[in-house]
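All of the numbers you see were taken from the coordinates with simple rules; none came from a lab. In this text, all values refer to a predicted model and were calculated from it rather than measured experimentally. Using ideal geometry, Cβ is built from the backbone for each residue, glycine included, and neighbour counts are taken over all protein chains shown.
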């Protein structure tokens with residue numbers, strides 16, 4: 001068993017409003033819904049905060065990051081990257097601004113001398129990103145459970161064991177955006193255009209052609 005770290009951060013990054021981009025946040029959401037963790041272990045919805053996460057990283061001995069990553073693999077493929085290889089994979093095939101931002105967060109933490117001793121990236125190959133207001137695709141949603149299993153197995157190497165909750169958390173600051181509610185209450189594609197207002201797009205086309 002490896003030496004137990006003092007400070008652990010389970011971090012989900014991504015954008016809930018862009019389909020599979022929300023994978024990392026959804027994994028952390030499910031971890032929080034299902035488990036309580038020992039003192040020193042924090043769960044954080046990092047969203048697309050980028051550089052604003054640097055202090056959280058500096059205060060962490062062990063960091064587990066959940067994210068949608070373009071590995072160039074089949075949609076829904078889960079891949080684990082550990083240690084020094086993590087920053088390279090976060091930006092090798094950038095899909096959104098948050099990935100470049102998080103690369104910079106890690107670089108800044110390292111420059112300041114407070115880089116995590118242990119680092120694991122739990123990434124899924126997304127199937128769909130260009131769906132504003134969309135939820136996770138079935139391929140990506142199916143990887144939430146394996147991602148949780150991979151993270152818990154990694155933590156177990158350090159003697160960190162969560163406890164199943166007897167009930168849901170008393171305080172859920174993101175209840176309005178929880179996966180079940182988000183999918184149940186969002187309007188259909190007929191009511192809410194996912195790709196842009198056709199009237200605006202038509203005007204843009206006219207402007208380009210000069211007609």
Open item on the list: Please arrange 154, 52 by how many other C-beta atoms lie within 10 Å of their C-beta, fewest to most.
Closed with: 52, 154
Open item on the list: Just to confirm my numbers, what's the Cα centroid distance between the stretch 123-155 and the stretch 1-77 in Å?
Closed with: 12 Å
- [ ] Could you calculate the contour length gain from residue 88 to residue 107, that is, 0.36 nm times the residue separation minus the distance between their Cα atoms, to one decimal place in nm?
- [x] 5.7 nm
- [ ] Would you mind ranking 124, 41 so that the residue whose beta carbon has the fewest other beta carbons within 10 Å leads the list?
- [x] 41, 124
Task: Residues 129, 10, sorted so that the one with the fewest Cβ neighbours within 10 Å comes first - done: 129, 10
